Each structure stands twice: as structure tokens, then as C-alpha cells.
1. Only one residue in LYS286, LYS235 is surrounded by fewer than 19 Cβ atoms within 10 Å (Cβ to Cβ) and touching a helix residue (DSSP H, G or I) at 6+ places or on another chain (Cβ under 6 Å). Which one?
2. Just checking: which of the helices (runs of 4 or more DSSP H) contained wholly in the stretch 227-317 hold 2 or more residues that are more than 27 Å from the chain's Cα centre (by Cα)?
3. If I go through the stretch 49-77 residue by residue, how many of them are over 30 Å from LEU276 (Cα atoms), in contact (Cβ under 8 Å) with a residue 24 or more places away in the chain and surrounded by fewer than 16 Cβ atoms within 10 Å (Cβ to Cβ)?
4. What number of residues in the stretch 238-283 are hydroxyl-bearing (Ser, Thr, Tyr), open to solvent by less than 10 Å² (accessible area, probe 1.4 Å) and in contact with a Ser or Thr (Cβ under 7 Å, 6 or more places away or on another chain)?
5. Being touching a helix residue (DSSP H, G or I) at 6+ places or on another chain (Cβ under 6 Å), within 15 Å of VAL247 (Cα to Cα) and open to solvent by 40 Å² or more (accessible area, probe 1.4 Å) is the requirement here; does ILE298 meet it?
6. If you check every pair at least six apart or on different chains, which have Cβ atoms under 8 Å apart with a residue in the stretch 289-301 that is under 22 Å from VAL229 (Cβ atoms) first and a residue that is part of a helix (DSSP H, G or I) and charged (D, E, K, R) second?
7. Scan the stretch 108-119 for residues that are among the acidic types (Asp, Glu), open to solvent by 70 Å² or more (accessible area, probe 1.4 Å) and closer than 20 Å to VAL177 by Cα and jot them down.
8. Given the conditions (1) out of contact with any Ser or Thr (no Cβ under 7 Å at 6 or more places or on another chain); (2) loosely packed, with under 15 Cβ neighbours inside 10 Å, which single one is not true for ASP305?
Amino acid sequence: SDLGRELLGHPVLPATMPNKQMLAAVGQSHLIQIWQSLFNIYQLNVGQILLTRADLEDRERYLNARDTLKTLLAHRIIPVINENDAIAIDELKIGDNDTLSATVATIVDADLLIILSDIEGVFTANPQNDPTAQLIEEITDITPEIEELAGGAGSKLGTGGMYTKIQAAKIAVNAGVTMVIASGALEGVVRNILSGENIGTIFPAKEQHLQVRKSWLAFGAMIKGELVVDEGCEKALITEGSSLLSVGIVEVKGTFDQGNSVRILSKQGREIARGLANYNSEEIKKICGKNTNNISKILGSKLYDEVIHRDNMVIMV
């Protein structure tokens, strides 16, 4: 929208959604012209892809987006991807380009995601006001402490605008995509990262690339609620790949329906996994902490032994 405003001579307009989306539409069309002119230097074509959250929530549309992106790449056409700001409402927005880039990397089974910023990487403190801040060259485990370094969800800047990048890294590494955060001001930074130079902060991928269905489950479906589990359940999920049973759940957060995607959290608030709930939030509140054999007595019927089956779950640690 800023580019659209500039092209239209900086008009003073009421800050309404239609006006913002008008400016976005003008800006997006000009932006693709700029990208095409740049790639013309290398005799490469570009293709514009505009996405919204709705394109990712619906599994069929998710797969269509994947097929389109894969086809563009197969024909050596560079996808230029942006959020569809010209039509998206707040409820359908992905929200930020860091999350968008990690989601796209997941969709196309990328080997590496590079996020270029105005800062060299993740630091032990805010380098803008702490001269003792040290660059963290590698992060193998995105702990609550690492997220705290990034300033938390309510911070726009954190330690150099890192919060959304850390969340993007969580998406990438759990989908089998290695991620690097580095400064875009370094000459030849992308080429040098690809050649293996130690630049910025690297987040090594945890797993092999996820199956397409699990990629959508973890990073496409909208999260509708959260389930907090005890220590024994946490260990069983992580080390044994178990399904989530009612007996291990200690708290239900949010309101959601059967089949919705939910987060599974430890008592300390760390995200352990994501999955599709076999029961709605009110039903789980009634059976949490109870043995599977008691579900029929409590609810009047038992459709499933598991609150979330392991086949419908993706581990996030």
C-alpha cells in the first residue's frame, strides 16, 4: 500500500479498508514490474502469486498452491509471492512476510530459507542498546528463552525485529527446512551463505521434509485452541510418538470444534505439537485427566480412544 500511495502522488485518504486495498492493488501491480525488470537481466521470467490465509486453510487450495509453485520452478520461472492485501480481510491475513516465507518454504519442500534483515542475526541481547550483545551463530532448539530474546509477541522490534523471524524458524525447521537469518546489507550474502560460509544465525532443520498432508496440518490449518498436558504425556508425545489421550490433558484453552487444529503445550507453555482434535473443547474439558475407559460414561458415547491420533499430529520440538 505504501508503494501504491507513492505512485498515486501521496493522496490524503480516509484510513478505510477499501482505500488501503486500493493502494495495495496499485502497489502490487507495479512491484511485479520491478521484479520482472530485475530478472530480465538474467533472462529469467517471474510469476506473481498472491496468497491469503484462506488459500492455506483449505487443504485442496493448499495443494493447488503447491502444484502452481512447483510448476513455476520446474520451468525456471521465479515465483514472486506476496500476501493478497488487495482483497484479504484481517481474519484471513497471514500477517507478516517472515511467516509467509516460511510457509511457502514448507509448501515447496525447500532445502533452505534465507531471511535477510537489517540485523546480522539473533543476538544474546538487543545490539541497538547493549554493547555486550553477541551474535548467536547457531540455534538448534527454539526454546522459550530464545523466544524471549526476540522480545515476545507484543514487541515490534525485540532484538532487531526478531520475534516473527523466530516464529518463522519454528515453522521452517519443523518442516525439514534449514533457515538462516542474515544481514541484507552484506555484498553477495546469498551466494556466500549457499557456499557454506558462516554468516548470520542458522537454524538447522530437525526432520526430513514432512509429508504434504502433515505440512498442511501443521502450517496451513488455522489454530483454534490449545491443550496443556502433564510431564508424563509430554514425554510420551516427544520420545515415543504416542497419540494424545485424555488422561494426560490438564487444561483446555479456547473454543473449538471437532476436527479443528489445536496446539499441544507443556505446563511451561512450550509448544510440543499440533494436531486435529477428535472432540470439541467442551467435551475435552469434561474428559481431561480421565482415563480413556471413562469417556463413554462421561460423554454418553466414545467416538475415539484418542483426543488426537498420532497420524493427525506433528511434533514441534
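1. LYS286 is the lone residue from the list that is surrounded by fewer than 19 Cβ atoms within 10 Å (Cβ to Cβ) and touching a helix residue (DSSP H, G or I) at 6+ places or on another chain (Cβ under 6 Å).
2. Ranges flagged: 281-287, 295-299.
3. 3
4. Count: 2.
5. yes
6. These pairs meet every condition: ILE298/LYS286; LEU299/GLU283; LEU299/LYS286.
7. Correct list: ASP111 only.
8. Condition (1) is where ASP305 drops out.
The values are calculated or read from the model by the stated rules, or taken from the named source; none is laboratory data. Since this is a predicted model, take the numbers as computed values, not measurements. FYI the Cβ positions are ideal-geometry reconstructions off the backbone, even for glycines, and counts take in every protein chain you see. Heads up: the accessible areas ignore ligands, DNA and RNA and are worked out on the full protein's heavy atoms, side chains in. Shrake-Rupley method; radii C 1.70, N 1.55, O 1.52, S 1.80 Å.
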